[in-house]
Amino acid sequence: QKSRARANATGCFRDSSAARSVGGEAFRSTAADADLARATSVRALPPPPNRDLLREASAGENDRRRSRSFEQRAARTHRVKSPLKRAVLTFRYEKKIAPYADAFRNAGIEPVFLTPVSPLESLSGMGLVLTGGTDVDPSIYGAEREPATDEPDCERDAMELRLLREALHRDLPVLAICRGMQLFNVAHTAGTLMQDIAGHRAPHNVSVAPGTQLAKILGAGTRSVNSRHHQAVGSVGRDLSISARAADGVIEALERAGRRFAIAVQWHPEDIFAQERALFEAFCEVL
């Protein structure tokens, strides 16, 4: 709590390297095969001459059993060798994570849960999912904290900035949701947030821009989404483009060109999975 109070007074990232462009990027830094081969080389012995019908039936049953046994061994070998599609899901409070976990598992992705209490040193080739939560520290984008803005979660901000930088540098898939989209924006040079807006705590329509990666996944045009945010993108970060807006002009989705998958949405697709399933499946395909 004391560290939070100090952060509240000064900001987690003020005068730190987190607000500088780094590395020239517009980014703010902070033995189964052998078993299978042997199995496939096994041949059944030729039947003895003059078998009676009973022995023939018995031998046929044995062949079928051997065949089933081989198929089971091959299936086990395939399961072991098939790479598991995994993505890191960052969060602070465990009670918030269930809808995300269900959505990604339903799309064929096994989530790897990550909190600031138990951070990872590296994504190790996994995708990255930035989830919802408390407001991003305004000091990251050079602003003072306004009265309506949450106290900063310095540990989470720092962890997610580091992982996002790694993911974009290594071209690992990134899906950012709600708070995640806001951090995605301010992580890029010149990205800022509006710290308090009205009218976005209830379902509303958004317009997905044609020709964007998001449009290729969800389709261009108007769609209804859920909403429960009071902050929004202000200035768009360098190298990012807008892929959806609300009717009042608020930016609802961003993406970064030149990456296999770097998409951010302001709504909560995990809570409307049946409608937004294509977004999760597209993320799965690039893992």
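Set the Förster radius R0 to 22 Å, insert the Cβ-Cβ distance between Asn226 and Val286 as r into 1/(1 + (r/R0)^6), and round the FRET efficiency to 0.05.
Numbers: r = 25 Å, r/R0 = 1.12.
Efficiency at R0 = 22 Å is approximately 0.35.
Descending by average beta-carbon neighbour count within 10 Å, the peptides 85-91, 135-141, 104-110 line up as 135-141, 85-91, 104-110, the highest first. Under 5 Å from the amide H of Asp135 lie the amide H atoms of Asp150, each residue being 5 or more positions distant or on a separate chain, with H modelled from the backbone and absent for Pro and chain starts.
When the Cα gyration tensor is reduced to axis lengths a ≥ b ≥ c, the ratio a/c stays below 1.5 for the range 93-242, which is therefore classed as rounded.
Taking all Cα pairs closer than 8 Å and separated by 6 or more residues, the relative contact order of the range 86-225 comes to 21 percent. The label point for Glu110 and the one for Glu146, both projected 7 Å from the Cα toward the Cβ, are 4.4 nm apart.
Got a sec? Which residues in the range 232-250 would a label at Ala209 touch, if it sits 7 Å along Cα→Cβ and we count backbone N under 12 Å? Correct set: 236-237, 239-246. The listed peptides 262-273, 246-257, ordered by packing as a protection proxy, come out as 262-273, 246-257 (highest mean of other Cβ atoms within 10 Å first). Sequence-distant contacts, meaning Cα pairs under 8 Å at least 6 residues apart, place the relative contact order of the range 173-262 at 34 percent. Amide hydrogen proximity for Ser243: with H placed 1.01 Å from N in the peptide plane, the residues at 5 or more positions away or on another chain lying under 5 Å are Ala253, Leu254, Glu255. This model, with +1 at the C-beta of Lys and Arg and -1 at the C-beta of Asp and Glu, gives the range 181-287 a dipole about its Cα centre of some 180 debye.
Computed from backbone phi, the HN-Hα couplings of the range 208-215 come to 8, 6, x, x, 8, 5, 4, 5 Hz, rounded to whole numbers (Karplus: 6.51 cos²θ - 1.76 cosθ + 1.60, θ = phi - 60°; Gly and Pro given as x). If R0 is taken as 35 Å, the Cβ-Cβ distance between Arg201 and Ser241 corresponds to a FRET efficiency of 0.85. When Met159, Met126 are arranged by Cβ crowding within 10 Å, least crowded first, meaning fewest neighbours, the order is Met159, Met126. Karplus-derived 3J(HN,Hα) values for the range 123-137, using 6.51 cos²θ - 1.76 cosθ + 1.60 with θ = phi - 60°, are 6, 6, x, 7, x, 10, 10, 9, 9, x, x, 6, 5, 6, 4 Hz; glycine and proline are entered as x. The charge dipole of the range 110-239, taken about the Cα centre with unit charges on the Cβ atoms of Lys, Arg (+1) and Asp, Glu (-1), comes to about 600 debye, rounded to the nearest 20.
Just so you know, all these numbers are worked out from the coordinates, no wet-lab data involved. A quick note: this is a predicted structure, and the numbers were derived from the prediction, not measured. Positions of Cβ are generated from backbone atoms using ideal geometry, with glycine treated the same way; all protein chains shown enter the neighbour counts.
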